[in-house]
Structure formats: C-alpha cells, structure tokens
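For reference, the structure is listed below as structure tokens.
The values are calculated or read from the model by the stated rules, or taken from the named source; none is laboratory data. Because the structure is predicted, anything quoted here is derived from the model rather than measured. Here Cβ is always computed from backbone atoms with ideal geometry, including for glycine, and neighbour counts include all displayed protein chains. SASA here: full protein model, heavy atoms, side chains in, ligands and nucleic acids out. Shrake-Rupley method; radii C 1.70, N 1.55, O 1.52, S 1.80 Å.
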There are 2 protein chains.
Amino acid sequence: MDAYKYIKEAIIHGKYEPGMRLGEESLAKELKLSRTPIREAIKQLESEGLVTPLKRGVSVRHFTREDIQQIYDLRTLLEGYAASQAALHRTDEDIQKMKEANSRYEEAIERYKEADLNSIKEIVNFNQQFHEAIISACKNPHIYFHLSKVVVVPLVFRSFYWYDEFELKRSLEVHKTILSAIQNQDSERARVAMTEHIYQGSDQVLAHLEEIKKIHVLKEDTHD
Amino acid sequence: MDAYKYIKEAIIHGKYEPGMRLGEESLAKELKLSRTPIREAIKQLESEGLVTPLKRGVSVRHFTREDIQQIYDLRTLLEGYAASQAALHRTDEDIQKMKEANSRYEEAIERYKEADLNSIKEIVNFNQQFHEAIISACKNPHIYFHLSKVVVVPLVFRSFYWYDEFELKRSLEVHKTILSAIQNQDSERARVAMTEHIYQGSDQVLAHLEEIKKIHVLKEDTHD
DNA sequence: AATTAACGCTTTGTATACAAAAGGTCAATG
DNA sequence: CATTGACCTTTTGTATACAAAGCGTTAATT
C-alpha cells in the first residue's frame, strides 16, 4: 500500500496518537518497505501540517483547543464561500449529487436507529459526500485544494462518533436547507446556512473536547 | 543549499518555466546532490501544487487565467478575513510592524523614482512584510499556513515588476487606509479595504496577462 | 509505404550502504 | 551527590546500486 495514504489514515483514525514519534525504521518494517518511500510520505505529511518536525524525525501533531477553534473559523469562511458560489454556478448534476448524498445520509440514520453501529462510517462518508458536492459545485478547484487540508484534522474526522440521533437528524435538516438555497440560487442564504452548520459542528467538537479533558483529570486524580 | 527552497525559488522567479519537465538527475547535478534529497523536495512541491505529476516525473505547473482569477478570489476571502480579525486582535507591536513596513515601502518608491531599478525587489519585500504583519496580527496561524500556499504563484510574485509609479503610490495609500482601520479596530472597514486592495492587484495581473498573450500571438504570426 | 513488434535507452521507484548527528549512559571528578 | 565529559548506540541524512516501467527508434512484415 501507498505509504502516504497509510500513515495519513493511521493518524486520522487515531492509530498513531498525537505526540507519538514516527520513526522511519519502524514504519518501514510495519509497511514492509524500505525507508526511502517512507521518508517521502513523511515529507508530504509535514508540508500538510499533520506531523511536526522534531530535532530528529517527526511526531504526530497535537491539535489544541485553540487550533480546533481556528481551523473551524477557517472552514466556516471557506465552506460558507463555497456554498454561496455553488448557489451561483451549480449545474443540475451538482444538485443531483447533493440530493443523492442526503438521501443516503437519511437512510444511514435509519439504520443507526436500529442500532447498526456500522452505519456511522456511512454517515461520515455521506456527510463528506454532501460537502464535497457543494465544494465541487462552486467551480473553484483551489478551494477544494485548501479545504481538503483544513478538514483533515483527526478529531474533526471522528466527531460523528459522539453525535446522538437528534444531532444527526438536525444536521440532515440543515443540509436540506442549504441544498434548497443552492437550488434556488440564493447565494446569501446558502452561505449563512452553511456557516451556521459548521459552527454547530464546531460546538459539538469543542464540547466533546471538554468532556475528554474532564475524564483525563479524573484519571490523573486516581493515580495512587 | 536546501533543494526544496532552491527549486521553489527557481520556479517563482521563472528560471524553470511552466510546462518544463523537472528531471531528478539534472536537478541533482545542478545542485550537486544525489537524487534522494531532490525527490523529497519534489514531493513537497507536488503536495503544494507548484509542480504537477506527469506519467513519469513532474513538470512546472502552468497557471491559466482562470487559475489566477480563482486564486485571487481565495486570497481576497482569506486576507479580507485576516484584516477584519487583525482589527479585533492587533497589539501595539502589530501596528508598529505595519507602520514600519509601510515607511520602508514609501522610501523604496522614492528610490524607484530616481530610476533605481533594484528598489523593485525591496518594494516586493516591504509589500509582503505589510501583508504578513496583518496576517500575523489576526492571531490565527492556520490562516498564514494556507495563505503562504495561496500567494506563492509565480506570476503573482512578479507582478510588481510591471507596476508604474502611480500604481505603486496608490497601493501605498490603500495600505495606509487598511492600517488606520485596523488601528481604529474598525474590522468591517479593514476587511472591505483589504478586499478591494487585492482585487486591484488581481486586475493588474490579469490585464498584464492579456498583454503577454497579445505579444505571443504577434510572435506566432511572424513565424515564417 | 505503413503498421506493428521488439529491442534498447532513459528515467523513475525502491533498497541498501555508509556518513553524520543527536541522545543516552556511565564513570570520573569537584 | 551532582555535574560534566567521553563513549557508545540509535536514528536520520545522503549517496549509490539495482529493479522496473516508459518511450523512442528501428527493423521486419504485409
């Protein structure tokens, strides 16, 4: 498998935790490759900011609460803009793709209610599909280029796993609002709805971050 | 010298022209290095979008008129936001840095009037310093991360070389407007002024692009 | 003369070997 | 007992060697 993709996935899915040092030799052994392709993969990840350089080698980047907040601010700006432009430039095919993603999203929520835990992965996917359909509809590939690097933050990617049914449904409703604004070529409404949508996601992630912190503190208290 | 920096500079300054194939062996010989560090540099440039992958190897990316337009749209969005945030979060030191950059900019224009062609390099530098001071003042390092990859497009970097005295002075005046808005913590004015400033830059670059295209057509007409 | 197949050359992808630098350990000394 | 310095180990940085994949050219056949 491609070293870059493998390591990136491993970081996003939390296999390699923040702060963990990534040694070339151990990665090479794990992927059954030589150090050369590993080094190239690491260089790419470094220029994307997913790993941070140490005095020697790199470690998985730790994103602070402030980072998350700032990244969400950026995402709000970029995706809000993307939505407004999508409203102006969308084709019928673009609309079709958004509707498709939303239907699948809705179906996955139904399966989720039946306690199908595997459906979460699909929910994540179809959510991403919807957002990508909008970014694609705005007809500015450079936006996509940057957003793909903004969104890929480990915590954010896993945020859906602590959404409850109500939150998933509310999220779907907002998707529908955004979709109809884009369909009606109402660019300002599309922007505002998308902006609000992402702020809601931000609230979720930040609240969850607080929960984790509390648990951490409790754990440390129990240390003999 | 560091291979990454060297190649990047060479692309920005036009030594390696768009479409030109970058062979590992030839770069290695030019930089008196082995292929290994060259490959790593190329991988980084690839993930930044400055070179595009071929079936074999990479070539210097060609930016179309549409690319330039889209990139400027992005830059408008990001730097406009940065200016508005800078108005809210700037410290006295931030203001000081902006004033400093502007003074130097002004001095360089004076030298430019005296036909000191070397001053253009300084103008480019001090302009960049001013913009960076603002981005730094907005207190969101992630913005900087992305802007540093948006702005670095060969054509854009060289745009100052075809500015005339009037345009340089007008640019300086807008800088002053932006600066005072930020100083007065007028975030909306800061955003609008910055947005307009960058649109003006965009107009310049696009107009120049048309000129170049005309010359190109003329050249091709004279081909036997 | 045109088309295709095969050969060889060029260039990238991967592995490995070697050089250099950083970090840790242990002992000696104040 | 703490601190510093020398040595040793580990890991990265660079070079080179080898494998594989494209690309072009040439020659043979129709």
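A cut-off under 12 angstrom between Cβ atoms defines the neighbours of B:V150, and their net charge, with Lys, Arg +1 and Asp, Glu -1, is -1.
Take chain A, compute every pairwise Cα distance, and split them into 5 Å bins from 0; I just need the percent in each bin. Spelled out per bin, shortest first, that is 1, 6, 13, 15, 16, 15, 14, 10, 6, 3, 1, 0, 0.
Mind checking the angle between helix B:3-12 and chain B's longest principal axis? C-alpha axes, 0 to 90 degrees, to the nearest 10. With both axes taken from Cα atoms, the answer is about 80 degrees. Helix A:187-221 axis versus longest C-alpha principal axis of chain A: approximately 30°, rounded to the nearest ten. For segment B:36-166, the residue among B:S103, B:N140, B:N127 whose Cα projects farthest onto the positive side of the dipole built from Cβ charges is B:N140. Distances between placed amide hydrogens fall under 5 Å for B:Y16 paired with B:I11, all partners being 5 or more residues away or on another chain.
In degrees from 0 to 90, rounded to the nearest 10, what is the angle of the helix B:35-48 Cα long axis to the longest principal axis of chain B? Roughly 50 degrees between the two axes. Principal semi-axes of the equivalent ellipsoid, √(5λ) from the alpha carbon gyration tensor of the protein assembly as shown, are 38, 29, 25 Å from largest down. Peptide B:40-51 has a mean shielding of 4, counted as Cβ atoms of other protein chains within 10 Å of each residue's Cβ. In segment B:123-143, the residues whose accessible area drops by at least 30 square angstrom when the other protein chains are added to the isolated chain are B:N140, B:H142; the probe is 1.4 Å and only protein heavy atoms count. Label-to-label distances for B:Q128 across copies, nearest first, come out at 3.5 nm, using points 7 Å from Cα in the beta-carbon direction. Taken about its Cα centre, chain B carries a charge dipole of about 820 debye when Lys and Arg each add +1 at the Cβ and Asp and Glu each add -1 at the Cβ.
Pairs of Cα atoms nearer than 8 Å and 6+ residues apart set the relative contact order; for chain B it is 26 percent. Ranked by the mean number of other Cβ atoms within 10 Å of their residues, highest first, the peptides A:7-15, A:136-144, B:189-197, B:106-114 fall in the order B:189-197, A:136-144, A:7-15, B:106-114.
Here the Karplus relation 6.51 cos²θ - 1.76 cosθ + 1.60, evaluated at θ = phi - 60°, turns the backbone of segment A:72-80 into coupling constants of 5, 4, 4, 5, 4, 4, 5, 6, x Hz, with x for every Gly and Pro.
When chains B and A come together, the accessible area they lose, probed at 1.4 Å and totalled over both chains, is close to 2500 Å². Residues whose amide H comes within less than 5 Å of that of B:R61, counting only those at least five positions distant or on another chain, are B:G19, B:V51, B:T52 (H built at 1.01 Å from N in the peptide plane).
Summary for A:D203: label point 7 Å along Cα→Cβ; distances to the equivalent points in the other copies, ascending, 4.2 nm. Each copy carries a label point for A:M1 at 7 Å from Cα toward Cβ; from one copy, the others' points are 4.0 nm away, ordered from shortest.
Semi-axes of the equivalent ellipsoid for segment B:1-81, please: Cα gyration tensor eigenvalues, times 5, square-rooted, ordered largest first, whole Å.
26, 14, 11
Let me spell out the model: positive unit charges on the Cβ of Lys and Arg, negative unit charges on the Cβ of Asp and Glu, origin at the Cα centre of segment A:21-60. What dipole size does that give, in debye rounded to 20?
Computed about the Cα centre, the dipole is about 180 debye.
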